[in-house]
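The values are calculated or read from the model by the stated rules, or taken from the named source; none is laboratory data. On a predicted model such as this, the values are computed, not experimentally measured, just so you know. Every residue, glycine among them, receives a Cβ derived from its backbone with ideal geometry; neighbour counts consider all protein chains shown. All accessible areas refer to the heavy atoms of the entire protein, side chains included, with ligands and DNA or RNA removed. Shrake-Rupley method; radii C 1.70, N 1.55, O 1.52, S 1.80 Å.
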Amino acid sequence: MSEIITSSGIDKISGKLNGRDSGYFYMRNGKQFYRTRAETYQKNQSPRQKWNSAAFKYANSQLKLLTSPEAKAQLAEEFEAANHIASNGKTYATSRAWKFNSLIYDYKQSHPFEQ
């Protein structure tokens, strides 16, 4: 924790100035301070959050493999054949959203959540 004296006309800075900053600014007793803090809150997940994260990671990895024109054409055909309705019963506007949510649903069906 260090006291900050700004040379510009800005008296108070609050929060992060940039998304890539390692710390944040805050005020205490009328003085400006800067603190760095390890953001570990995303690492402390419940078992259900870890299961959802694993499904999201799987769907992203599978969707990245569909880059060739043939794969995109086949995806569009499957999307139209399914009438825009995914495995989870919801309707999607784009074929990528449809495929992504279908992959998440399929992962969750093949890897059920266990308490």
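The figures follow:
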read-out	value
Some residue of the stretch 35-48 being surrounded by 13 or more Cβ atoms within 10 Å (Cβ to Cβ) and either modelled with pLDDT under 75 or of a type in the set (S, T, N, Q) (or both)	no
Every pair of residues 6+ apart whose Cβ atoms lie under 7 Å, when the first sits in the stretch 53-78 and is within 24 Å of Pro112 (Cα to Cα) while the second is among the hydroxyl-bearing types (Ser, Thr, Tyr) and part of a helix (DSSP H, G or I)	Ala55/Tyr107; Tyr58/Tyr107; Ala59/Tyr107
Within the stretch 27-52, tally of residues that are without any contact (Cβ under 8 Å) to a residue 40 or more places away in the chain and in a helix (DSSP H, G or I)	3
Condition broken by Thr67, with the remaining ones in (1) outside any loop (DSSP other than H, G, I, E, B); (2) out of contact with any Lys or Arg (no Cβ under 9 Å at 6 or more places or on another chain); (3) at pLDDT 85 or above satisfied	(1)
Residue tally, condition open to solvent by 80 Å² or more (accessible area, probe 1.4 Å) and either at pLDDT 75 or above or among the charged types (D, E, K, R) (or both), over the stretch 9-34	8
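Residues checked against (1) in a loop (DSSP other than H, G, I, E, B); (2) surrounded by 13 or more Cβ atoms within 10 Å (Cβ to Cβ); (3) out of contact with any Cys (no Cβ under 7 Å at 6 or more places or on another chain):
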position: Glu77; (1), (2), (3): no, no, yes
position: Gly89; (1), (2), (3): yes, no, yes
position: Ala93; (1), (2), (3): yes, no, yes
position: Trp98; (1), (2), (3): no, yes, yes
position: Tyr105; (1), (2), (3): no, yes, yes
position: Pro112; (1), (2), (3): yes, no, yes
